[in-house]
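The values are calculated or read from the model by the stated rules, or taken from the named source; none is laboratory data. Every value quoted in this text rests on a predicted model; they were computed, and no experiment measured them. All Cβ positions, even for glycine, are placed from backbone atoms using ideal geometry, and neighbour counts span all protein chains on display. The accessibility values were calculated without ligands, DNA or RNA, using every heavy atom of the protein model including side chains. Shrake-Rupley method; radii C 1.70, N 1.55, O 1.52, S 1.80 Å.
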Amino acid sequence: MKRFDKIMSLVMASAMAASLFVGCGNADTGAQADNAASEANDTATDEAAESDAGTAAADDSAAADTAASGAFKIGGIGPTTGSAAVYGVAVQNAAQLAVDEINAAGGINGVSIEFKFEDDECDAEKSVNAYNTLKDWGMQMLMGTVTSGCSVAVAEKTADDNMFQLTPSGSSVDCVKYDNAFRVCFSDPNQGAASAQYIGENSVASSVAVIYDSSDIYSSGIYEKFVSEAANQPFEIVSAEAFTADNKTDFSVQLQKAKDAGAELVFLPIYYTEASLILSQASTMGYEPIFFGCDGLDGILNVENFDTSLAEGVMLLTPFAADAEDELTKKFVTAYKEKFGDTPNQFAADAYDAIYAIKAAGEKAGITPDMDMSAMCEAMKGAMTEITLDGLTGVGMTWDASGEPNKAPKAVKITDGVYTAM
Amino acid sequence: MKKMKMTKTAKNNFVTYFIVLIAYILVQILLKSGHMSSLMEGLLVPLCIYVMLAVSLNLTVGILGELSLGHAGFMCVGAFSGAFFSKCMDGAMPDGIRFFIALLIGAAVAGVFGIVIGIPVLRLKGDYLAIVTLAFGEIIKNLVNVLYIGKDNNGFHFSMKDSISLHLGEEGQVIVNGAQGITGTPHDASFTAGVLLIFISLFIILNLINSRDGRAIMSIRDNRIAAESTGINITKYKLMAFSISAAIAGVAGVLYAHNLSTLTALPKNFGYNMSIMILVFVVLGGIGNIRGSIISAVILTLLPELLRGLSDYRMLIYAIVLIAMMLFNWSPKAIEWKDKLKEKYFSKIPFRKEKEVK
């Protein structure tokens with residue numbers, strides 16, 4: 001056995017070494033491809049400088065010369081496997097949809113986009129691995145990551161590399177801590193404060209109960225800001241009950257407490273899966289307060305086996321509603337349904353807007369694919385603060401240097417099974 | 001000349017150190033010559049972390065002979081205590097010293113947890129012990145998720161409810177924010193530090209195994225009654241192995257916390273999934289075989305990343321490859337076949353023969 005162990009360990013060690021070489025083999029080819037790409041682009045720009053044919057023509061010729069190299073490489077990261085896969089897949093699909101549309105319409109400054117999405121399993125460590133994989137691929141800008149925890153970890157890396165990052169849905173405060181990072185969605189505190197202000201200013205209720213998920217960053221982030229903002233508002237929080245990811249099926253205790261405390265409104269800063277259970281359990285125990293939620297509640301009408309009449313009168317602040325009547329949303333929802341056979345959620349809308357924001361900023365900054373990552377980031381950073389985007393998740397969205405978007409949250413109420421603006 | 005006197009185990013241990021050293025030198029050469037892809041570069045520290053975890057769990061499972069499913073819990077304790085210290089002391093002392101102290105703190109806290117948990121747990125045997133360690137691992141993870149610690153001019157504030165009830169002053173800073181964990185831990189981990197820690201762990205474990213205490217621990221594994229009747233203090237040695245194993249896992253946790261800027265106790269990284277993952281490293285590498293643990297940890301960590309090309313199928317392929325490797329390594333028929341193969345091709349090599357004589 002000892003001898004066998006030795007041989008096996010030799011084999012294993014060589015396999016280990018071999019895998020290392022496999023890794024660098026890829027890197028080599030990647031680097032060569034990059035060199036080739038930059039050479040090709042150099043010649044293309046030289047030609048452009050010589051002939052006064054205008055940039056568009058030069059870009060066209062560059063795109064024609066080398067189909068792969070004359071393209072912007074945008075990477076995306078999010079969970080496409082595991083428990084949070086629904087968000088990652090939505091972002092991946094919608095981003096791909098936007099990229100295809102932009103490419104069909106001529107790309108950014110006439111240069112097409114290549115988009116690649118990597119799975120991170122909603123794990124910060126895997127997310128950094130995914131980021132490094134995309135960097136090996138030659139990514140120039142990052143549209144990600146989807147979840148907050150991963151986004152914070154990856155933001156650290158993009159800040160080191162000075163790569164432009166736009167997260168569609170990373171909502172925790174630290175996601176855009178560095179100046180190279182921007183986001184499309186609202187930050188958690190922003191939503192919490194906006195909800196409290198809405199309830200207070202419109203005198204929706206005078207006593208409020210909160211049920212939130214203490215093991216979720218999104219939920220506890222909103223909750224905390226909601227509570228601190230509630231101090232300035234004319235209503236009182238009479239009960240605040242938490243649940244965790246490990247016990248999110250039975251909410252009768254939390255609901256009973258809210259009922260005993262006499263809450264007129266129950267604030268649910270949680271995702272729709274749990275919210276649908278809360279609604280049906282509240283109805284079983286004959287408790288009928290006003291339910292108020294944030295963007296996580298979007299999607300509640302599509303929960304399987306959920307009696308949508310229970311959601312009647314639920315209010316939510318959401319930047320996106322799949323059955324909104326405006327032209328852009330209609331077009332997006334139809335295209336998405338056609339391609340992926342599914343109704344897009346708010347994450348998909350955020351990702352779609354993110355890609356268009358990159359396009360708008362890219363056109364403003366006049367970036368070219370041969371720019372290096374850092375120069376591109378500097379250009380994009382400036383341009384992001386100058387653009388105004390009419391997207392799915394808001395009209396006239398603008399960004400400031402802090403990375404936060406400026407857009408108004410839309411409050412909607414569910415009546416007759418559809419969202420209606422309030 | 002000292003080499004001549006080396007015993008078989010010493011030689012064996014030397015090979016283990018040598019493999020790590022060669023791997024380190026190889027990686028350094030690749031790094032310096034710029035032949036390392038970013039992915040591989042990013043994986044270097046995690047590889048060190050998993051190697052340390054596998055090696056330390058092998059002490060409990062292989063040498064002490066008790067199945068522990070709560071190893072990620074100790075890693076979690078180490079990670080949070082180390083990151084907490086670094087976050088508090090950020091800027092107050094030089095980076096190197098701060099990281100060093102954080103490592104010591106992580107080891108100490110995880111070691112203490114090892115003793116505290118070990119006292120009740122090690123009274124059980126076999127499956128019962130496995131289940132109870134699993135429960136303790138989950139308790140640790142859940143406790144960390146409801147822990148809120150903040151710091152302001154008046155000192156530290158603790159809460160189990162939410163960060164508002166910390167009642168921090170103006171300048172206050174929330175350090176551990178419940179489910180949101182600790183963010184902004186300084187990035188102190190490096191490959192060199194990781195390899196140094198692997199060497200230290202190997203040194204501790206290999207020397208322990210070959211010491212008087214180690215033999216006592218193994219005698220408990222092999223026959224508890226016989227060991228007890230020769231006057232070996234069972235509780236003491238069991239606790240010794242268990243807490244050393246926990247302490248090394250704690251160090252791995254500190255390294256983990258200082259490699260990523262965000263630290264959250266999710267089921268994914270500190271839950272029982274991770275504990276089982278570490279156990280898989282140990283079982284694939286061979287229970288009680290330290291070198292095997294190192295190699296299997298490296299391979300199984302690299303595998304999912306190298307399979308990225310297969311996109312969504314990669315976890316499926318990963319599982320299949322894992323099954324195939326387990327069968328190839330440990331099924332009796334496969335071992336028999338490999339022995340035959342060895343007879344055929346390797347029996348003529350002189351140094352092999354020499355061993356056969358023994």
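Remarks
- Cβ-Cβ FRET estimate between A:Tyr178 and A:Lys364, R0 fixed at 25 Å, reported to 0.05: 0.75
- Cut-off 17 Å, label 7 Å out along Cα→Cβ of B:Tyr318, residues of the range A:126-147 by amide N: A:126-134
- Accessible solvent surface per residue of the range A:189-318, calculated while the other protein chains remain in place, 1.4 angstrom probe, Å²: 38
- Scaled against 2.2 N^0.38 Å for its residue count N, the alpha carbon radius of gyration of the protein assembly as shown is 1.04.
- Degrees, to the nearest 10: B:272-285 long Cα axis against longest axis of chain B: 20
- Choice from B:Lys344, B:Lys236, B:Lys87 with maximal GNM fluctuation in chain B (Cα, 10 Å cutoff): B:Lys344
- Loop-resident GluC sites (Glu not before Pro) (DSSP state other than H, G, I, E or B) in the range A:327-422 with no more than 13 further Cβ atoms inside 10 Å of their Cβ: A:Glu386.
- Treating each Cα of the range A:243-329 as an identical point scatterer and summing with the Debye formula, the log10 of I(q)/I(0) at q = 0.13 Å⁻¹ comes to -0.42.
- Projected area, mean over directions - the range B:17-65, Cα convex hull, nm²: 3.8
- Note on the range B:170-269: dipole from Cβ charges, positive end direction compared against B:Ile205, B:Val251, B:Asn233; the farthest Cα belongs to B:Asn233.
- Helix B:314-330 axis, angle to chain B major axis (alpha carbon atoms, nearest 10°): 40
- Within the same chain, aspartates and glutamates fewer than 8 places from B:Lys87 are excluded, and of the rest, those with a Cα less than 20 Å from its Cα are A:Glu125, A:Glu156, A:Asp160, A:Asp174, B:Asp95, B:Asp152, B:Asp162, B:Glu170, B:Glu171, B:Asp188.
- Taking 7 Å steps out from each Cα toward its Cβ at B:Leu104 and A:Asp100 produces label points 6.0 nm apart.
- Highest-MSF residue in chain B out of B:Leu302, B:Leu103, B:Leu316 [GNM, Cα springs under 10 Å]: B:Leu316
- Relative intensity of the range A:229-292 on a log10 scale, I(q)/I(0) at q = 0.11, 0.16, 0.17, 0.23 Å⁻¹, equals -0.24, -0.52, -0.58, -1.03, per a Debye sum over C-alpha point scatterers of equal strength in the absence of solvent.
- Ratio of the Cα radius of gyration of chain B to 2.2 N^0.38 Å, where N counts its residues: 1.07
- Cα point-scatterer Debye curve for the range B:225-358, base-10 log of I(q)/I(0) at q = 0.16, 0.18, 0.19 Å⁻¹: -1.08, -1.17, -1.22
- With Cα atoms, 0 to 90° folded angle of helix B:8-32 axis to chain B main axis: 60
- Subset of A:Lys135/B:Lys151; A:Lys116/A:Lys381; A:Lys126/B:Lys333 violating a 29 Å alpha-carbon distance limit: A:Lys135/B:Lys151; A:Lys126/B:Lys333
- Share of Cα-Cα pairs in the range A:189-318 lying beyond 19 Å, as whole percent: 41
- Per residue of A:210-217, other chain Cβ atoms within 10 Å of the residue Cβ number 4 on average.
- Taking a point 7 Å out from the Cα of B:Asp127 in the direction of its Cβ, the residues of the range B:251-284 whose backbone N falls within less than 19 Å of it are B:276.
- The orientation-averaged projected area of the convex hull spanned by the Cα atoms of the range B:142-255 comes to 10.6 nm².
- Amide H contacts of A:Ile290: A:Leu265, A:Val266, each under 5 Å away and 5 or more positions distant or on a separate chain (H built 1.01 Å from N in the peptide plane; Pro and chain starts excluded).
- Of all accessible heavy-atom area on the range B:107-215, the percent that carbon and sulfur account for (1.4 Å): 65
- Shown here are the Rg and Dmax of the Cα trace of the range A:108-194, at 13.0, 42 Å.
- Element breakdown for the range A:189-318 at a 1.4 angstrom probe: carbon and sulfur atoms account for 45% of the accessible area.
- Sequence-distant contacts, meaning Cα pairs under 8 Å at least 6 residues apart, place the relative contact order of chain B at 28 percent.
- Magnitude of the charge dipole, the range A:189-318, Cβ model with Lys/Arg +1 and Asp/Glu -1, debye to 20: 180
- Inter-label distance, nm, simple model (7 Å from Cα along the C-beta direction), A:Ser228/B:Ser165: 1.8
- The aspartates and glutamates whose alpha-carbon is closer than 17 Å to the alpha-carbon of A:Lys330, local same-chain residues fewer than 8 away aside, are A:Glu101, A:Asp298, A:Glu338, A:Asp342, A:Asp350, A:Asp353, A:Asp390.
- At least 50 Å² accessible surface lost relative to isolated chain, residues of the range B:275-309 (1.4 Å probe): B:Ile295, B:Arg308
- Paramagnetic reach from A:Gln197 in the range A:306-340 [backbone N under 20 Å; point 7 Å along Cα→Cβ]: A:315-320
- Long pairs among A:Lys248/B:Lys238; A:Lys331/A:Lys364; A:Lys410/B:Lys141; A:Lys257/A:Lys413; A:Lys248/B:Lys125, criterion Cα-Cα beyond 29 Å: A:Lys248/B:Lys238; A:Lys410/B:Lys141; A:Lys248/B:Lys125
- Across peptide B:175-185, the mean count of Cβ atoms from other chains lying within 10 Å of each residue's own Cβ comes to 5.
- Taking a Cβ cut-off of under 12 Å around A:Val395, the surrounding Lys, Arg, Asp and Glu residues balance to a net charge of -2, with basic ones at +1 and acidic ones at -1.
- Packing around the peptides B:8-17, A:401-410, taken as the average count of other Cβ atoms within 10 Å per residue, puts them in this order, highest first: A:401-410, B:8-17.
- Using a simple spin-label model with pseudo-atoms 7 Å out from Cα toward Cβ, B:Asn210 and B:Ile22 lie 1.9 nm apart.
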